[in-house]
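Each remark here refers to the structure printed beneath this line.
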Amino acid sequence: MGILDLCSRKIVGWAMSERIDTVLVLQALTMALLHRCPPAQLLLHTDRGVQYASDDYRQALGAAGLIASMSRRGKCYDNATMESFWATLKLELVYRRGFETRAQARTHIFDYIETF
């Protein structure tokens, strides 16, 4: 899961897990808040995943002063920038390597996002 700053085109928050759940998105949100210290009323756009509609996630957004925005049903272009990042990450890193463990994958993805 990742959070992309559209202005800088940098991943400012990300997390990996075996499950796509509220804990995962909260971890990525926490990292993004630490990296950027965004101003109040910043718009945070996501897809329509249930993890983004959870009470815990909504409360975290409210506590940070962020405004939630979700894609409308059938509007696949709303997340085009984030989907483009995932496609690039897969082509440049994931499909070129054979990861033996989740930890190994996490290390390489960390290097790709944080240092490349």
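Would you pick out the residues in the range 60-78 that are closer than 23 Å to A32 by Cα and among the small types (G, A, S)? Once the filter is applied, which keeps residues that are closer than 23 Å to A32 by Cα and among the small types (G, A, S), the range 60-78 yields A60, G62, A63, A64, G65, A68, S69, S71. Here the range 2-59 is the region considered, the condition is being of a type outside the set (K, R) and at positive phi, and the residue that is modelled with the highest pLDDT is Q41. Of all residues in the range 1-23, those satisfying the criterion of being closer than 17 Å to A64 by Cα, crowded, with 18+ Cβ neighbours inside 10 Å, free of Cβ contacts under 8 Å to residues at least 40 places away in the same chain and not polar (S, T, N, Q) are V12, G13. Restricting the range 35-59 to residues that are in a helix (DSSP H, G or I) and free of Cβ contacts under 8 Å to residues at least 12 places away in the same chain leaves a set whose member that is surrounded by the fewest Cβ atoms within 10 Å (Cβ to Cβ) is D55. Answer with yes or no whether I113 is assigned to a helix (DSSP H, G or I), in contact with a Phe, Trp or Tyr (Cβ under 7 Å, 6 or more places away or on another chain) and surrounded by 13 or more Cβ atoms within 10 Å (Cβ to Cβ). Criteria met by I113. Beta carbons closer than 6 Å, at least 6 apart along the sequence or on distinct chains, pair a first residue in the range 79-106 that is surrounded by 13 or more Cβ atoms within 10 Å (Cβ to Cβ) with a second that is part of a helix (DSSP H, G or I) for L93/Y112; F99/A105.
Just for the range 62-78: of the residues that are within 17 Å of the chain's Cα centre (by Cα) and in a loop (DSSP other than H, G, I, E, B), which one is surrounded by the fewest Cβ atoms within 10 Å (Cβ to Cβ)? So the residue we want is S71.
The values are calculated or read from the model by the stated rules, or taken from the named source; none is laboratory data. Everything quoted here is computed from the prediction, not taken from an experiment. Neighbour counts are summed over all protein chains in view; Cβ atoms, including those assigned to glycine, are modelled from backbone coordinates with ideal geometry.
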